[in-house]
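Quick notes on the structure that follows.
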Amino acid sequence: MGKGLRWFWGICVLWLSLGVSAAVQYIDIWEFRVQGNSLLADEVIQRELAPYLGAARTLEDVEQAAKLLQDLYKKAGYPAVFVEIPPQTVVQGVFRLQVTETRLRRLRVTGAEYFLPSLIKQALPSLQTGNALNLRDLQQDIQYANALNPDLKLMPMLKQGPTADTIEVELNVDDEMPVSAGVEVNNYNSPNTTNTRLIAELGYSNLWQKLHDWSIQMQTSPENTDEVKVLASTYVFPMGLKGNKVALYGVLSDSDVATVGSTRVVGDGFILGGRYIHPFQRRDTGVSTLIFGFDYKDFDEQIRVTGAEGLETPIDYVVFTSQYSSFNRGDGWADNLGLALKFGVREVFNENEEFDNKRSRSEPNFTILKLDYERNYFLGEGWSLLGAMTGQWSSAPLVSNEQMSAGGVDSVRGYYESQVAADMGMRLSFEMGTPSYAGKHGEVWGLTFVEGAYLENSDTGVEEDSEFRLASFGFGLRAQSKKQWFFDLDAGYPLKAVDEVEEGDVRVNAKLRYEY
């Protein structure tokens, strides 16, 4: 018997039990006794139904009370809970409402090839057998599960169970082999080095069938491999299934890089670090994240000046980091905000002598504040406007590894990568994007930009510059084919002469990347 028919029959029986005639009949109701409820607090139910209590109530009042209770369940996320008016005789003003809580009878996972069904079920606590289906919790769980791995997408299908108070869910899985790889060639070189850079990456994002993510990256300068040889690896594993993660990583560097004039910096070293990543305040329009961690850095470096013996400046130290980031989107805009605090502590691997040898007057106790913000406006018909700002403040002179750098494709185009570096500074960038032209094999779009940076040292030495200014404008092109081939081209016109870069020396940067 359907829900609506049983409701109608209950009203009829109640009507007959009260001995009604054609005229409107009244009934005294002093209490609604809700049977079968285990999902809503009794005090909440009684508070919401209180307006329908009292003398001389009609059957219309009863129907409205039942409808209100039904709506309470829907607002709480339970669309499959039904409220009925059972046949009854009202005694001492007590009126009964019957609740049927539809519960999950079976969860079936189909289509999974590379992810265990048990792992998928574990990520969806709202779909535990025997639970009442809460649609709000299910939507949140699906959102979390789909964010666990880019190669895993879930789509639930609901259907009626064999009885009226049961429901079944079939979870359709669309997954791919969790292997990623990439190769990139670019000319993002630093001053006085060869042009070409080669990068290769490999990753697997479901180790041990536990969503552990491992990746490795190699970088070199193929025209002279002694200039750049970098090996980096990252291992990320989840802490629970709500987005919390731990990231461990290491970077091994061995380089021979010519710098300014006859001065050469020869160095090799490594970085070991860890981060705890805690997303919170998830919402439909964005998410906020807290990150805590540390870096241990150990570098051997030698500075040679022509005709003189090299000066060894080895250093090892620890940097602690805490960071807040937030992504938000609205109607026609999206933004990203990052705030970071970095600090070093004396005697926690940080020694005065090493810092002073590395840079005069630098201190093992230091504090750095960093700001990153960008906002993208979608102007309609494919046009966009992007504004970005980066800043850094330090409490003391910094060793080179911690300084803010400026110049290059992610900073101020028209200059070499890390053209200049200093203790503190600010960078601004504005970029206008054109509509994209989409063809059979991909899409292409253009952009124009203007950007600049101001950097300064907090306590300059005899041979140090106190401040740097960079500014440029230019044009760019972006193209991609089937989300595997990517091509970037930027031409920057520098407005300020800095070191070997003269005003008006147009610098063209290009990148070709293939991803699998």
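Report the residue count in segment 347-390 for those that are among the aliphatic types (A, V, I, L, M) and outside any strand (DSSP E or B). Reasoning before the result, please.
Residues of segment 347-390 among the aliphatic types (A, V, I, L, M): 348, 368-369, 371, 379, 385-386, 388-389.
When the remaining residues are screened for being outside any strand (DSSP E or B), the result is 348.
Qualifying residue count for the region: 1.
State whether one or more residues within segment 54-62 are closer than 30 Å to LEU138 by Cβ and out of contact with any Cys (no Cβ under 7 Å at 6 or more places or on another chain). Break it down stepwise before answering.
Of all residues in segment 54-62, those closer than 30 Å to LEU138 by Cβ come to none.
The answer is no, given that none of the residues of segment 54-62 is closer than 30 Å to LEU138 by Cβ and out of contact with any Cys (no Cβ under 7 Å at 6 or more places or on another chain).
Any residue in segment 114-129 that is in contact (Cβ under 8 Å) with a residue 60 or more places away in the chain sitting within a Cβ distance under 6 Å of a residue that is charged (D, E, K, R)? List the pairs, counting only those 6 or more apart or interchain.
Close Cβ pairs (under 6 Å, with a partner that is charged (D, E, K, R)) amount to TYR114/ASP175; PHE115/ASP175.
Identify, please: which residue in segment 40-65 is surrounded by 16 or more Cβ atoms within 10 Å (Cβ to Cβ) and out of contact with any strand residue (DSSP E or B) (no Cβ under 6 Å at 6 or more places or on another chain) and is, among those, nearest to ASN134 (Cα to Cα)?
Filtering segment 40-65 for residues surrounded by 16 or more Cβ atoms within 10 Å (Cβ to Cβ) gives 40, 45, 48-49, 52-53, 57, 59, 61-62, 65.
Pick out the ones that are also out of contact with any strand residue (DSSP E or B) (no Cβ under 6 Å at 6 or more places or on another chain) and you get 40, 48, 52, 59, 61-62, 65.
Working: LEU40: 12, GLU48: 21, TYR52: 27, LEU59: 30, ASP61: 28, VAL62: 26, ALA65: 22 Å.
Filtering segment 40-65 for residues that are surrounded by 16 or more Cβ atoms within 10 Å (Cβ to Cβ) and out of contact with any strand residue (DSSP E or B) (no Cβ under 6 Å at 6 or more places or on another chain), the one nearest to ASN134 (Cα to Cα) comes out as LEU40.
Only residues that are surrounded by fewer than 16 Cβ atoms within 10 Å (Cβ to Cβ) and under 19 Å from SER384 (Cα atoms): list them for segment 447-488, please.
THR448, PHE475, LEU477
Failed condition for PRO435, given (1) surrounded by fewer than 21 Cβ atoms within 10 Å (Cβ to Cβ); (2) touching a Leu at 6+ places or on another chain (Cβ under 7 Å); (3) not basic (Lys, Arg), with all others met?
Condition not satisfied by PRO435: (2).
Quick check on segment 339-348. Is at least one of its residues touching an Asp or Glu at 6+ places or on another chain (Cβ under 7 Å) and of a type outside the set (Asp, Glu)? Steps first, please.
Restricting attention to segment 339-348, the residues satisfying the condition of being touching an Asp or Glu at 6+ places or on another chain (Cβ under 7 Å) are none.
No.
Can you tell me which of (1) of a type in the set (Val, Ile, Thr); (2) surrounded by 14 or more Cβ atoms within 10 Å (Cβ to Cβ); (3) within 30 Å of LEU207 (Cβ to Cβ) is the one THR110 doesn't meet?
The failed condition is (2).
Being of a type outside the set (S, T, N, Q), crowded, with 17+ Cβ neighbours inside 10 Å and within 36 Å of the chain's Cα centre (by Cα) is the filter here, so list the residues in segment 497-511 that pass it.
Just the residues of segment 497-511 that are of a type outside the set (S, T, N, Q), to begin with: 497-508, 510-511.
Cutting the leftovers down to crowded, with 17+ Cβ neighbours inside 10 Å gives us 498-499, 501, 507, 511.
Correct list: ARG507, LYS511.
Just one of (1) part of a strand (DSSP E or B); (2) more than 30 Å from PHE487 (Cα to Cα) trips up GLU184, so point out which.
That leaves (2) as the condition not met.
Within segment 1-113, considering only helices (runs of 4 or more DSSP H) that don't extend past its boundaries, which have at least 2 residues that are modelled with pLDDT of 90 or more? Talk me through it step by step, then tell me what you get.
On the way: elements: 3-17, 42-49, 59-75.
Counting at least 2 such residues, we get 42-49, 59-75.
Quick one: TYR188 ticks every box in (1) surrounded by fewer than 17 Cβ atoms within 10 Å (Cβ to Cβ); (2) touching a Lys or Arg at 6+ places or on another chain (Cβ under 6 Å) bar one, so which box is it?
Looking at each condition in turn, TYR188 falls short on (1).
Considering every residue within segment 154-167, establish whether at least one is within 21 Å of the chain's Cα centre (by Cα), within 26 Å of PHE280 (Cα to Cα), crowded, with 18+ Cβ neighbours inside 10 Å and touching a residue at least 40 places away in the same chain (Cβ under 8 Å).
So in segment 154-167, the residues within 21 Å of the chain's Cα centre (by Cα) come out as 154.
Still in the list and also within 26 Å of PHE280 (Cα to Cα): 154.
Cutting the leftovers down to crowded, with 18+ Cβ neighbours inside 10 Å gives us 154.
Checking which are touching a residue at least 40 places away in the same chain (Cβ under 8 Å) leaves us with none.
Checked segment 154-167: no residue is within 21 Å of the chain's Cα centre (by Cα), within 26 Å of PHE280 (Cα to Cα), crowded, with 18+ Cβ neighbours inside 10 Å and touching a residue at least 40 places away in the same chain (Cβ under 8 Å).
Go through LEU339, LEU290 for me and flag whichever is within 12 Å of the chain's Cα centre (by Cα), surrounded by fewer than 16 Cβ atoms within 10 Å (Cβ to Cβ) and modelled with pLDDT of 95 or more.
Working: LEU339 fails: within 12 Å of the chain's Cα centre (by Cα).
Selected residue: LEU290, the only one of LEU339, LEU290 that is within 12 Å of the chain's Cα centre (by Cα), surrounded by fewer than 16 Cβ atoms within 10 Å (Cβ to Cβ) and modelled with pLDDT of 95 or more.
May I ask you to verify whether ASP226 is charged (D, E, K, R) and exposed (fewer than 14 other Cβ atoms within 10 Å of the Cβ)? Break it down into steps so the answer makes sense when it comes.
On the way: charged (D, E, K, R): yes; exposed (fewer than 14 other Cβ atoms within 10 Å of the Cβ): yes.
In short, yes.
Considering only residues of segment 153-202 that are of a type in the set (Lys, Arg) and under 30 Å from VAL81 (Cα atoms), which is modelled with the lowest pLDDT?
In the first step, residues of segment 153-202 are kept if they are of a type in the set (Lys, Arg); the result is 153, 159, 197.
Cutting the leftovers down to under 30 Å from VAL81 (Cα atoms) gives us 153, 159.
Working: LYS153: 94, LYS159: 90.
Out of the qualifying residues, it is LYS159.
Considering only residues that are touching a residue at least 40 places away in the same chain (Cβ under 8 Å) and of a type in the set (D, E, K, R), which ones fall in segment 177-212?
Result: GLU184, LYS210.
Every residue, every condition in (1) of a type in the set (Ser, Thr, Tyr); (2) assigned to a strand (DSSP E or B); (3) under 30 Å from TYR276 (Cα atoms), yes or no:
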{"site": "ALA147", "(1), (2), (3)": "no, no, yes"}
{"site": "GLU170", "(1), (2), (3)": "no, yes, no"}
{"site": "PRO191", "(1), (2), (3)": "no, no, no"}
{"site": "SER205", "(1), (2), (3)": "yes, yes, yes"}
{"site": "LYS210", "(1), (2), (3)": "no, no, yes"}
{"site": "GLN217", "(1), (2), (3)": "no, yes, yes"}
{"site": "VAL236", "(1), (2), (3)": "no, yes, yes"}
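Evaluate the following for SER255: is it modelled with pLDDT under 90 and either assigned to a strand (DSSP E or B) or closer than 30 Å to ASP141 by Cα (or both)? Reasoning before the result, please.
Values: modelled with pLDDT under 90: yes; either assigned to a strand (DSSP E or B) or closer than 30 Å to ASP141 by Cα (or both): yes.
Yes: the conditions hold for SER255.
Taking into account only those residues within segment 114-125 that are in a loop (DSSP other than H, G, I, E, B) and out of contact with any helix residue (DSSP H, G or I) (no Cβ under 6 Å at 6 or more places or on another chain), which is surrounded by the most Cβ atoms within 10 Å (Cβ to Cβ)? Spell out the reasoning first.
Taking segment 114-125 and keeping what is in a loop (DSSP other than H, G, I, E, B), we get 114-116, 123-124.
Now drop any that are not out of contact with any helix residue (DSSP H, G or I) (no Cβ under 6 Å at 6 or more places or on another chain), which leaves 114-116.
On the way: TYR114: 16, PHE115: 22, LEU116: 13.
The extreme case among them is PHE115.
The values are calculated or read from the model by the stated rules, or taken from the named source; none is laboratory data. Quick caveat, the model's predicted, so the values are computed rather than measured. No Cβ is skipped: glycine too gets one built from the backbone with ideal geometry, and neighbour counts run over all protein chains shown.
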